[in-house]
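Trainee: Pasting a structure here, questions to come.
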């Protein structure tokens, strides 16, 4: 993903992202309320930081800011992998990811964040490599394995009930009552 070098292009991206995060109902339905709040906070933080940076003002990146943005990217990644990608999600990513990339380049230079941004972008744009698809498939398999081992208590109770009924039928057959 390339860096936005022009202040004019950066301001256009910033205003488009700011416009998208103001669609509260759409944000909530696409991301869920909790993730919507995180995405809006991280977007607003990047907008503030990049705006100040473009005006040659100093910007201090706190651990909390870093956590918001990394957390937002992690949630976007999970949604991209495990949820349908609708047009709003795709549009949001098209505005959010370049700014996250610029923010990372300007303030952190984190390889992990860079890789996460590129990964989300390729998922959203349907351009995954075979190795990336393998990683996605492994993640889906692990998630499926976790869910298949989970058994509802009602199923456990039903199993015990059916076993006791089966035992009772056998006992009745042995006594000739059935």
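Trainee: Assess whether residue 89 counts as being surrounded by fewer than 16 Cβ atoms within 10 Å (Cβ to Cβ) and within 18 Å of the chain's Cα centre (by Cα).
Mentor: Working: surrounded by fewer than 16 Cβ atoms within 10 Å (Cβ to Cβ): no; within 18 Å of the chain's Cα centre (by Cα): yes.
Answer is no for this residue.
Trainee: Do we find that residue 90 is at pLDDT 90 or above, over 23 Å from residue 19 (Cα atoms) and in contact with a helix residue (DSSP H, G or I) (Cβ under 7 Å, 6 or more places away or on another chain) in this structure? Spell out how you get there, then give the answer.
Mentor: Numbers: at pLDDT 90 or above: yes; over 23 Å from residue 19 (Cα atoms): no; in contact with a helix residue (DSSP H, G or I) (Cβ under 7 Å, 6 or more places away or on another chain): yes.
Judged against the criteria, residue 90 is not a match.
Trainee: Okay, next question. Answer yes or no as to whether residue 68 is in contact with a helix residue (DSSP H, G or I) (Cβ under 7 Å, 6 or more places away or on another chain), under 14 Å from residue 36 (Cα atoms), assigned to a helix (DSSP H, G or I) and modelled with pLDDT under 90. Even if it seems obvious, please write down each step before you answer.
Mentor: On the way: in contact with a helix residue (DSSP H, G or I) (Cβ under 7 Å, 6 or more places away or on another chain): yes; under 14 Å from residue 36 (Cα atoms): yes; assigned to a helix (DSSP H, G or I): yes; modelled with pLDDT under 90: yes.
Taking the combined requirement at face value, the residue satisfies it.
Trainee: Related question: Within the range 37-64, how many residues turn out to be part of a helix (DSSP H, G or I) and closer than 19 Å to residue 13 by Cβ?
Mentor: Looking only at the range 37-64, we keep the residues that are part of a helix (DSSP H, G or I), and these are 37-54, 63-64.
Narrowing the set further to residues that are closer than 19 Å to residue 13 by Cβ leaves 39-54.
The qualifying residues number 16.
The values are calculated or read from the model by the stated rules, or taken from the named source; none is laboratory data. Owing to the predicted nature of the structure, the values given are computational and were not obtained by experimental measurement. Glycine gets a Cβ as well: all are built from the backbone with ideal geometry, and neighbour counts include every protein chain shown.
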